[in-house]
C-alpha cells in the first residue's frame, strides 16, 4: 500500500479547530527568528525571578509540545492518542540538575515512569538521559580516556579514575542497573538518549553492557545513534557485529541529531576536527543508509525511525515492503515529537505502522530547556516551520469548505 503524508484530515483529526488556530499562531510566531531569539533568552530569566508567566507558557508552547506537568496529566494526552492508534514514549523532561541527591531522585523518577508506563496500553517505551544520573565531568573524563574507540564494545575505561571517582561510577552503573532491571520486569523499553560527542563514549559503552545483559530474549534497551555525526553509520555497523558475536539483539534509535551548533562551536574553539557531517545531504545519506542496514539485519536489530523527515519515514516503509516484511514487524517502530509532524505520525498509524509520539512531562520551570530547544529548532529549520504551518492552514481551509 502507498502512504501519503499530505492527508491533513488524518493528521489533525484529533485536534479541534480552536486548537489548530492556536497551533497556527504559535508556528507563525516561531517563523520570526528574532522573536524566538528574544523569547528563548528572556523566558528562563523571567521564570527564575518568579514572575507570574506560567499561565502564558502553559497555554502556548507548553501545551503544544509537553504532555503535562505530572504523569497523571499526561494520561489524558495518552488516552487521546490511543484513540488514533498512536503510542507514547514517556520522557521525564527535567534536565541539567547535578549532584548525587538529584541523580538518585532522577533514578527514582525514571523508575516511577516505567511503573506507570507498564500500566498503560499504549506506552511501550520511556527515555533516559544518562546526564540525569551521572556527572557530566565524570563522563567527560571517561570519554577522553576511551579516545573514541570503545563504545561499540561495552568497555568503560575506568583505569583513569581516582578511587572516589571509581565509587562514583559504580553508583552510576548501579542506578542504570536499577532502571533497566525494572524495565525488563515490566516489559517497558528504555531509550537511552544521545549526548554531546565528548561524553558519548561511556554512554555508548554502558548502554551496550545493558543490552548484552537484557536484550537476550526480548528488546529492553535501545541506544540513540545521531547520524549527523560522520562516524555513526560505521558505529551502527560495529554495534551490530558486536551484538551478533555476543548473541543479543541490538536496539537502535535512529535520529539525525540535536547538538550541531554546540559541536561545531567547540570544534572551532579547541581547533579539532568537527564530528559533524559536512552538509545536510551527507546526514540524509547516512540516515537512510542506516535504515537500509537495519532492515537488512532486522533479525538482529530492533530499530526506531525517530525522524521528522518525510522521505526517511517513507523510505523505511518502502524498504520493509521491498523485503516482504510487514509494516508492523516487532523490530521496527516510528516516532516523532509531540506537537510536530502530525502528518507523518497519524498517517503512519492509519497505514498500520507502530508509531509513537515522544511525550515529555514535568513542571514548567524544569522543562523550559526542552521547550527553548523546540522553539529554536522550529525557527532555525525554516522548512520544518513552513511545512507545519502550511499543513495546519490547509486543514483549516478544508474544514471551512465543509462548514460552508
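The values are calculated or read from the model by the stated rules, or taken from the named source; none is laboratory data. Bear in mind the structure is a predicted one, so any value in this text is a computation, not a measurement. As a convention, Cβ positions derive from the backbone with ideal geometry for all residues, glycine included, and neighbour counts pool all protein chains shown.
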Considering region 337-354 alone, what residues qualify as being within 16 Å of residue 4 (Cα to Cα) and not in a loop (DSSP other than H, G, I, E, B)?
342, 343, 344, 345, 346, 347, 348, 349, 350
Please tell me if residue 290 is assigned by TED's automatic domain parsing to the domain that holds residue 140 and within 23 Å of the chain's Cα centre (by Cα).
yes
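Those residues that are in a loop (DSSP other than H, G, I, E, B) and surrounded by fewer than 18 Cβ atoms within 10 Å (Cβ to Cβ), I need them from region 277-296; list them, please. It would help to see each step written out before you state the result.
Looking only at region 277-296, we keep the residues that are in a loop (DSSP other than H, G, I, E, B), and these are 277-279.
278, 279, listed by residue number.
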Number of the condition not met by residue 238 [criteria: (1) assigned to a helix (DSSP H, G or I); (2) surrounded by fewer than 19 Cβ atoms within 10 Å (Cβ to Cβ); (3) without any contact (Cβ under 8 Å) to a residue 60 or more places away in the chain]
(3)
Within region 215-234, count every residue that is surrounded by 17 or more Cβ atoms within 10 Å (Cβ to Cβ), out of contact with any helix residue (DSSP H, G or I) (no Cβ under 6 Å at 6 or more places or on another chain) and outside any strand (DSSP E or B).
3
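When you scan region 258-267, do you find a residue that is within 17 Å of residue 225 (Cβ to Cβ) and either out of contact with any strand residue (DSSP E or B) (no Cβ under 8 Å at 6 or more places or on another chain) or assigned to a loop (DSSP other than H, G, I, E, B) (or both), even just one?
Here is the first cut: in region 258-267, the residues within 17 Å of residue 225 (Cβ to Cβ) are 258-260, 263.
Pick out the ones that are also either out of contact with any strand residue (DSSP E or B) (no Cβ under 8 Å at 6 or more places or on another chain) or assigned to a loop (DSSP other than H, G, I, E, B) (or both) and you get 258-259.
Scanning region 258-267, I find at least one residue that is within 17 Å of residue 225 (Cβ to Cβ) and either out of contact with any strand residue (DSSP E or B) (no Cβ under 8 Å at 6 or more places or on another chain) or assigned to a loop (DSSP other than H, G, I, E, B) (or both), so the answer is yes.
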Residue 337 passes all but one of (1) closer than 26 Å to residue 71 by Cα; (2) out of contact with any helix residue (DSSP H, G or I) (no Cβ under 9 Å at 6 or more places or on another chain); (3) surrounded by fewer than 22 Cβ atoms within 10 Å (Cβ to Cβ); which number fails?
(2)
When (1) in the same structural domain as residue 394 (by TED's automatic domain parsing); (2) outside any helix (DSSP H, G or I); (3) at pLDDT 90 or above are applied to residue 11, the one that fails is (2)
Taking residue 331 as meeting all but one of (1) in contact with a helix residue (DSSP H, G or I) (Cβ under 9 Å, 6 or more places away or on another chain); (2) within 30 Å of residue 216 (Cα to Cα); (3) in contact (Cβ under 8 Å) with a residue 40 or more places away in the chain; (4) crowded, with 23+ Cβ neighbours inside 10 Å, write down the number of the exception.
(4)
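How about region 74-101: which of its residues are touching a residue at least 12 places away in the same chain (Cβ under 8 Å) and more than 30 Å from residue 349 (Cβ to Cβ)?
Here is the first cut: in region 74-101, the ones touching a residue at least 12 places away in the same chain (Cβ under 8 Å) are 74-75, 77-78, 80-98, 100.
96, 97, 98, 100, listed by residue number.
Here are 288, 309, 328: which of them is out of contact with any strand residue (DSSP E or B) (no Cβ under 6 Å at 6 or more places or on another chain) and at pLDDT below 95? Quick ask: steps written out before the conclusion?
Values: 288 fails: at pLDDT below 95; 328 fails: at pLDDT below 95.
Sole residue among the options that is out of contact with any strand residue (DSSP E or B) (no Cβ under 6 Å at 6 or more places or on another chain) and at pLDDT below 95: 309.
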Hey, any hits in region 250-260 for a residue that's surrounded by fewer than 19 Cβ atoms within 10 Å (Cβ to Cβ) and more than 17 Å from the chain's Cα centre (by Cα)?
no
All positions within region 310-324 that are more than 22 Å from the chain's Cα centre (by Cα) and either surrounded by 16 or more Cβ atoms within 10 Å (Cβ to Cβ) or within 14 Å of residue 336 (Cα to Cα) (or both)
319, 320
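Could you please let me know if residue 296 is assigned by TED's automatic domain parsing to the domain that holds residue 196, under 27 Å from residue 331 (Cα atoms) and touching a strand residue (DSSP E or B) at 6+ places or on another chain (Cβ under 8 Å)?
no
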Among the residues of region 249-256, is any assigned to a helix (DSSP H, G or I), in the same structural domain as residue 355 (by TED's automatic domain parsing) and either touching a residue at least 12 places away in the same chain (Cβ under 8 Å) or in contact with a strand residue (DSSP E or B) (Cβ under 8 Å, 6 or more places away or on another chain) (or both)?
no
